[in-house]
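Here is the structure we will look at, set down as structure tokens.
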Amino acid sequence: MLLNIEFINPRLHFLHVSRGNSAAGANAVKGSEPRVPELEIPRPMGAGVARASPPQQGGRPQARGGAYGGGEAPSNRAGLGRRVWKIRVNKVNREILKVMYEDVIHKRNGSIPKGLLYYADEWREMYENTKRMREEAGKRTLPKTPPLLLLVKFVMPDGSVRGKKDAACIIDLRRGELRIPSYGIAQKLRRSLVRALVEENSLEPRPDFVLMVTRRGFLRLIASRAPPRKDASALQLICMDENLGHGLYATLIRFGGEKVRVTRGPTFKPPNAALLRRIAAQLQSAADTGTTVELRALIERAYEELGEGREVEGWELYATPDRLRELKRRIGARERRLNEEWRNGVVSWVRSVVRANADARAVVLVDEVIAETAQSGMLRRGSERLRNLCLYEGAEYVPLRASGRYCPRCNAMGVEVARRIFKCPRCGLEWHRDRMATFTLALNYAKLTENEALRKALLEWLNEHPRALLS
Ligand SMILES: [Zn+2]
């Protein structure tokens with residue numbers, strides 16, 4: 001029996017907060033790309049942590065059937081998809097959680113309820129692995145202790161209980177609180193999180209949930225899931241092409257066997273990160289050189305971008321190097337937060353499309369080149385998240401190559417007749433380059449999978465809607 005604890009790897013931040021909707025952010029720890037040193041422990045050696053001893057009693061979480069069942073360690077990266085929610089705790093509870101953490105890892109309180117020790121062996125094994133790896137790497141100091149893992153059970157709004165009976169942590173969705181009764185912890189949950197967890201519990205198959213308690217008393221709830229790919233005949237393609245600077249274009253193509261239905265998705269305009277980067281660089285240079293040219297305007301601009309458009313009074317006093325560096329740091333944090341929110345927006349849109357098309361086989365198509373070479377943007381930093389999302393939702397992730405410069409009807413290279421608008425010199429078809437790239441992804445997918453019916457349907461649709469790809 002295995003426990004997949006690979007998620008406690010330093011790359012976790014890729015999938016850190018999954019927001020069912022934007023309001024859920026309120027439940028997250030502030031700052032969107034938090035440093036979580038307590039999570040930065042290496043992944044256990046090998047693909048997973050095998051259990052040293054057989055389970056003592058029934059009621060261990062069930063291994064997923066099918067490809068991930070059996071005694072083999074799944075290749076964790078390719079195995080389970082995960083969602084992570086941070087759960088904000090108040091100061092009092094956080095202190096209690098720290099005590100609980102210490103009690104459990106040292107087993108120093110004789111009366112620790114069994115439920116809290118559920119994953120004790122895995123924890124020990126993970127810690128020993130980490131220590132060994134550090135020693136092998138020539139480091140002398142001990143690693144930070146990994147988070148505790150606790151089983152979770154849910155009380156649903158109708159009063160029914162889901163999860164293992166002896167779970168140490170109860171998430172009561174009727175009362176909107178998280179409880180760890182053995183330590184007297186009761187933490188109110190945001191309503192947006194409660195709603196998200198009700199939805200998550202109603203998924204089929206239902207995810208496995210585990211609560212992570214860090215040594216500093218932070219909580220994260222982790223859901224893992226790997227539904228089998230659907231055997232549906234309908235195909236739902238989610239085609240995404242990113243153009244740095246112009247944003248991410250998305251086109252939905254549904255194919256039921258005869259005709260395709262093509263819907264334009266939202267265009268995710270990138271946040272204006274370049275401006276923030278420029279302000280940050282100017283602040284840095286002002287701090288380093290003491291330049292005062294336009295400094296007041298710069299500081300005011302920085303505050304404006306931080307949403308604090310206040311008058312900078314006594315700004316000469318304010319403009320010390322330390323204060324300028326602090327302002328620069330805040331601008332940098334703002335840039336990262338905007339980028340992260342942008343990625344969250346894309347991911348949650350894709351998730352909602354997959355869930356709304358549950359009767360179809362969902363395939364996420366992205367331009368491979370951009371995914372691998374882009375310096376920033378969704379498809380580079382976010383492709384990991386999209387892969388994870390696909391595992392979790394039972395969708396397929398297919399990176400392909402696509403260009404928006406060629407006519408799909410005659411393969412001729414288009415001529416740019418207006419900004420990003422191309423025209424085929426042979427058949428006269430006109431299109432918007434970024435939109436065409438998404439359409440070409442679908443065509444290339446049809447070729448890749450030798451789905452001739454899909455390819456024909458796409459070209460037919462184009463003949464019937466020759467101006468549809470113009471924006
Ligand atoms: Zn043409």
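We did not get these values from a lab; they are worked out from the coordinates using the rules stated. For clarity, every value in this text was computed on a predicted model and none was experimentally measured. Positions of Cβ are backbone-derived with ideal geometry, glycine not excepted, and every protein chain shown enters the neighbour counts.
For Lys153, a cut-off of 18 angstrom between C-alpha atoms picks up these lysines, skipping any fewer than 8 places away in its own chain: Lys86, Lys114, Lys164, Lys165, Lys188.
If Lys and Arg each add +1 and Asp and Glu each add -1, what is the summed charge of the other residues whose beta carbon sits under 11 Å from the beta carbon of Gly115? Spell out each step's value before the answer.
Numbers: positive: Lys114, Lys153, Lys164, Lys165; negative: Asp166.
After counting each charged neighbour, the total is +3.
Computed from backbone phi with θ = phi - 60° and the Karplus coefficients 6.51, -1.76 and 1.60, the 3J(HN,Hα) list for the stretch 423-430 is 9, 7, x, 8, 9, x, 4, 10 Hz; x is used for glycine and proline. Give the lysines whose C-alpha is closer than 30 Å to that of Lys139, dropping any in the same chain fewer than 8 places away, or say none. Partners within reach: Lys98, Lys107, Lys131. Descending by average beta-carbon neighbour count within 10 Å, the peptides 216-223, 265-272 line up as 216-223, 265-272, the highest first.
Within the stretch 133-214, antiparallel bridges make up roughly 80 percent of the DSSP beta bridges whose residues both belong there.
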